[in-house]
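Step one of this worksheet: look at the structure below.
Since every read-out is calculated from the coordinates, none of them should be taken as a lab result. Computed from a prediction, not measured in an experiment: that's the story for all the values here. Cβ atoms come from the backbone with ideal geometry, glycine included; neighbour counts cover every protein chain shown.
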Amino acid sequence: MVNQEYLALINRGVIAWNEWKYKNIHLKPDLTDANLRCINLESINFQGVNLTGANLSLAQLVNANCRDAILTSAQLINANLTAINLQGANLNNTNFISADLRLANLIEADLVNANLVGTDLQNSKCRYVDGTSANLSRSNLAKADLMEANFSYANFSYANLYEAELIGGYFYQANLYKANLIKAHLSGVYLSNSSLKEANLYRADLRFAQLKKVNFQDANLQETYCRGTNLSQAILIGADLRGANLRGANLNKANLTDALIDNINLVDANLHETIMPDGKIN
């Protein structure tokens with residue numbers, strides 16, 4: 001149950017709370033299940049605070065400091081979280097539907113099973129995040145930094161990842177159906193067994209990526225940079241590979257039936273048992 005004294009202090013305003021927090025830095029306030037819906041908490045210091053199950057929907061948390069806070073199963077639907085600091089925060093099962101997380105710091109945060117459907121994460125910092133099984137369908141991650149993040153089994157269907165940094169990330173069995181990955185940086189990413197059906201990867205950097213058994217059916221891979229990429233057993237049926245650089249790539253047992261391969265670079269590529277666009281097997 002939420003501590004009523006803490007709630008009363010918050011109701012006195014952000015300045016009063018922050019002053020008290022500064023003087024009592026050793027304390028870890030418990031605001032479990034607190035109802036903070038629609039409250040203006042801009043620039044509040046919630047560092048290390050326990051907000052498990054709290055209702056922060058429609059709240060204003062612009063520039064708030066929630067580093068290492070516990071927000072497990074909290075509700076942040078339509079909350080304004082622009083430039084919030086959530087580094088190292090526990091966001092397991094947290095509901096962020098349609099929240100504004102532009103410029104947010106989520107480095108090393110726990111986003112396992114979090115609901116981020118329709119969120120705006122433009123220019124956010126998500127390095128080293130554990131987002132296993134998180135739902136980011138229709139989210140906006142344009143120019144976001146997801147380097148070395150773990151999003152295994154996550155849902156990125158229809159997500160906007162334009163120019164996003166996914167270098168060295170782990171996306172095993174992730175769903176990126178119709179995702180926008182134009183000019184995205186995916187070198188060294190692990191995407192094995194994932195679905196990128198109808199995804200747009202125009203001019204994406206996929207150097208040395210692990211794409212074994214990835215489904216690229218009808219995807220746009222025009223002018224992608226795939227040097228040294230592992231595409232063994234990948235499904236590239238109907239994919240547009242015109243102008244792609246696949247120098248030294250592994251296409252062993254890949255299926256390119258009906259794929260467009262004009263001006264493709266296959267120098268030193270492994271085409272053993274590859275099904276070519278005309279249906280013939282090498």
Considering the zone a paramagnetic label at Trp20 would reach in this model (a point 7 Å from Cα along the Cα-to-Cβ line), which residues of segment 29-48 have amide N under 12 Å from it? 29-31
Along principal axes, largest first, the alpha-carbon spread of segment 207-254 in whole Å comes out as 21, 21, 13
Leu9 and Asn123 label points (each 7 Å along its Cα→Cβ direction) are spaced in nm at 3.4
Each label point is 7 Å from the Cα along the Cα-to-Cβ direction; what then is the distance between the points at Glu273 and Asn193, in nm? 1.9
28 Å tail of the calculated P(r), the chain, as % of Cα pairs: 41
State, to one decimal in nm, how far the label point of Phe208 lies from the label point of Arg242, with both points 7 Å from Cα in the Cβ direction. 3.1
Karplus-derived HN-Hα couplings along segment 272-282 (A = 6.51, B = -1.76, C = 1.60, θ = phi - 60°), whole Hz, x at Gly and Pro: 5, 6, 6, 8, 7, x, 7, x, 7, 9, 5
Working note, segment 76-119: Cα radius of gyration (Å, one decimal) and Dmax (Å, whole number) are 9.4, 23
Using each residue's phi in segment 40-57, evaluate 6.51 cos²θ - 1.76 cosθ + 1.60 at θ = phi - 60° and report the 3J(HN,Hα) Karplus result to the nearest Hz, with x for Gly and Pro. 8, 10, 4, 6, 6, 9, 10, 4, x, 6, 8, 10, 3, x, 5, 9, 10, 4
Estimated FRET transfer efficiency (Asn265, Ser98; beta-carbon r; R0 51 Å; 0.05): 0.75
Normalised radius of gyration for segment 1-127, please: alpha carbon Rg relative to 2.2 N^0.38 Å, two decimal places. 0.94
Value of [θ]222 nm, deg cm²/dmol, for the chain, DSSP H segments ≥ 4, -39500 (n - 2.57) each, nearest 500: -2000 deg cm²/dmol
Cleavage-rule hits (trypsin sites (Lys or Arg not before Pro)) in segment 180-282: DSSP loop, at most 10 neighbouring Cβ within 10 angstrom: Lys280
Size of segment 199-282 along its principal axes in angstrom, Cα-based, largest extent first? 28, 23, 22
Too long for a 30 Å Cα-Cα cut-off, among Lys28/Lys143; Lys183/Lys280; Lys183/Lys212; Lys143/Lys213, are Lys28/Lys143; Lys183/Lys280
How tilted is helix 14-23 with respect to the longest principal axis of the chain? Cα atoms for both, answer in degrees (0 to 90, nearest 10). 80
